[in-house]
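**Q** Dumping the structure here so I can ask a few things about it.
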Amino acid sequence: MRLTVLDLPNEILCVIFHKLDIINVFYSFMSINERLDRLALDPFYIRKLIVTTKSFSDNMCLTKDEIVDKLCGDIIPQIHDQVNKLFVEQHLLQRVLHAGSYPRLNSLSLIDFQPRTLLKILTDDALFRNLLSEQIVSLQLDLVGEEITPGPDILLAIFVLIVSLCKHLSKLSFRRNRVGLLEYIFHFSSIDWESSTLTSLKINVETFDDCLHLLDGRLNNLSRLTIFVVHIKCSRVNQTTFSINTSIIKSRKRLLSSREDMKLSFIRKEYGPVGLYIETPKLKWRTIIFHHLSYPDVFQSRCHIYSLPYHFYDFYFLNNAFPDGLFNNVRNLSMTENRPFVANLFKIISESFPLLVALDIFNLKSSELQQDPTICISFPYLEFLGVANAHLDYIRQFLIDKLCNLPRLTNLYIRYEPLALVTINFTKNQSNHQADDIYELLGQSINQLVKYFDEPEKKRGLVNHTNLMQ
């Protein structure tokens with residue numbers, strides 16, 4: 001006897017619905033019969049609404065405009081009063097907000113917003129301003145690049161408008177763009193602003209003085225602060241948990257403290273166990289612009305000191321000096337090195353960061369030692385891989401499935417030329433496994449890649465972000 005979806009009990013259908021995005025549920029199961037309609041409209045299930053280009057299934061036999069029309073015309077009017085969390089992209093915000101009143105909405109995530117556009121919406125859109133003012137408790141902003149980098153005044157204006165408008169805002173997060181570790185940096189001045197409701201804040205700032213501005217009493221109920229300070233000088237670290245990256249650039253080679261001496265200096269001051277690695281001084285033969293000064297021949301050394309266990313989600317500037325360890329909390333990792341990566345470093349990384357979601361690799365030096373072909377490295381949770389600034393050797397190591405297993409990879413940031421080389425002009429089946437599920441490919445000349453994907457639906461998922469590569 002052949003079973004269909006209509007033969008499944010309600011409990012199994014609910015499990016299936018919870019595994020799918022709500023938009024896919026409506027397109028796949030609505031209007032079949034009253035039972036499926038009732039299950040699909042369950043208030044518990046539709047609390048979170050994700051309206052992004054990625055949420056539109058490739059199996060939908062409609063264009064994106066047709067999907068948005070049906071979503072805003074038919075679906076949202078039926079569910080808007082049940083939505084608690086909304087994830088929406090910049091170009092869909094106006095349509096989605098005007099499709100319903102969202103009386104229960106309290107959490108909002110703005111995806112891929114350009115700062116200037118966001119500032120205009122915050123200033124001019126009365127409906128959006130009222131929503132922020134009266135309802136939003138949690139706000140996450142994901143900013144993306146613009147042709148002209150916004151000045152600090154624009155970023156500060158966005159921050160001040162948000163904390164001023166949102167009467168009930170408790171959690172505010174400015175997420176960094178994946179392409180570029182410090183895409184947007186906030187610089188606070190003496191401008192008058194405050195918030196008595198904010199309890200959690202995640203943000204990047206320029207100097208330690210900006211950090212002090214945030215902690216001078218303007219946020220009197222703040223209990224959790226996640227902050228990246230670009231320029232910091234501190235004589236004593238007095239937090240329970242910390243992660244400090246320092247970089248020294250000098251025109252003459254100098255002797256630095258040893259790794260053990262630095263670890264002992266923290267232990268003696270009762271900071272508890274710390275992790276530490278030092279990148280030894282090396283000569284950089286090209287001109288480096290550092291604090292607006294040019295050095296034709298300089299020595300650079302970098303040191304990373306962190307408390308253990310490591311409580312942060314981000315781990316920056318990992319290099320050959322990394323001593324291994326276990327970092328279960330880390331989701332985002334950047335690797336940078338001016339020399340070839342040492343043998344088995346990626347295997348160490350896969351074991352040290354078992355829950356890694358995003359990996360950026362910055363190394364243009366060819367690999368001196370080939371990976372053992374009998375060893376397959378696995379990153380079971382990796383969704384984003386940035387190799388636009390990586391040598392072909394490392395790209396090949398990650399994209400050939402016999403060397404590396406990336407079962408969840410969906411976002412690949414790469415240049416066209418190395419991808420063509422690795423795949424032998426997109427004829428090599430060896431790397432198909434890694435590309436099967438990629439639905440967002442960031443790079444140049446993406447339109448030339450569509451023939452590499454067997455299914456027409458996958459071609460529509462490719463995104464061309466040429467401006468990011470310039």
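**Q** Using a Förster distance of 51 Å, how high is the FRET efficiency between residue 344 and residue 168, based on the Cβ-Cβ distance and rounded to 0.05?
**A** Rounded to the nearest 0.05, the efficiency is 0.50.
**Q** Could you compute the net charge surrounding residue 200? Neighbours are other residues with a C-beta less than 11 Å from the C-beta of residue 200; K and R count +1, D and E count -1.
**A** Every neighbour counted, the sum reads +3.
**Q** Which links in 120/171; 70/120; 48/402; 48/202; 85/120 stretch past 31 Å when you go from one Cα to the other? Mind showing how you got there, number by number?
**A** Numbers: 120/171 22 Å; 70/120 27 Å; 48/402 38 Å; 48/202 22 Å; 85/120 23 Å.
From 120/171; 70/120; 48/402; 48/202; 85/120, over 31 Å: 48/402.
**Q** Quick one: length gained pulling residue 320 to residue 417 fully straight, 0.36 nm per residue minus the C-alpha distance? Intermediate values should be presented prior to the final figure.
**A** Details: separation 97, 0.36 × 97 = 34.92 nm, distance 2.68 nm.
Between residue 320 and residue 417, full extension yields 32.2 nm more.
**Q** Could you calculate the FRET efficiency of residue 114 with residue 94 from 1/(1 + (r/R0)^6), where r is the beta carbon distance between them and R0 is 25 Å, rounded to 0.05?
**A** Working: r = 14 Å, r/R0 = 0.58.
That gives a FRET efficiency of 0.95.
**Q** So which GluC sites (Glu not before Pro) in segment 311-371 end up in coil per DSSP with only 12 or fewer other C-beta atoms within 10 Å?
**A** Passing sites in segment 311-371 are 368.
**Q** Using a ≥ b ≥ c from the Cα gyration tensor of segment 66-135 (square roots of the eigenvalues), is it rounded, prolate or oblate, where a/c under 1.5 gives rounded and otherwise the larger of a/b and b/c decides, a/b for prolate? Walk me through the intermediate numbers first.
**A** Numbers: a/c = 1.88, a/b = 1.29, b/c = 1.46.
Note, shape of segment 66-135 comes out oblate.
**Q** Roughly how many nanometres apart are two label points built 7 Å out from the Cα toward the Cβ at residue 4 and residue 392?
**A** 5.4 nm
**Q** Okay, moving on. Between residue 69 and residue 52, what is the spin-label point distance in nm, taking each point 7 Å from the Cα along the Cα→C-beta axis?
**A** Each label point is offset 7 Å from its Cα along the Cβ direction, giving 2.6 nm.
**Q** If R₀ is 22 angstrom, what is the calculated FRET efficiency for the pair residue 130 and residue 78, using the beta carbon separation as r and rounding to 0.05?
**A** 0.45
**Q** Taking 0.36 nm per residue of separation and subtracting the Cα-Cα distance, what length does fully extending residue 15 through residue 381 add?
**A** Full-extension gain reported as 129.6 nm.
Only the coordinates and a few stated rules stand behind these numbers; no lab work does. None of the values given here were measured: they were computed from a predicted structure. Please note: Cβ atoms are built from the backbone with ideal geometry, for glycine as well, and neighbour counts cover all protein chains shown.
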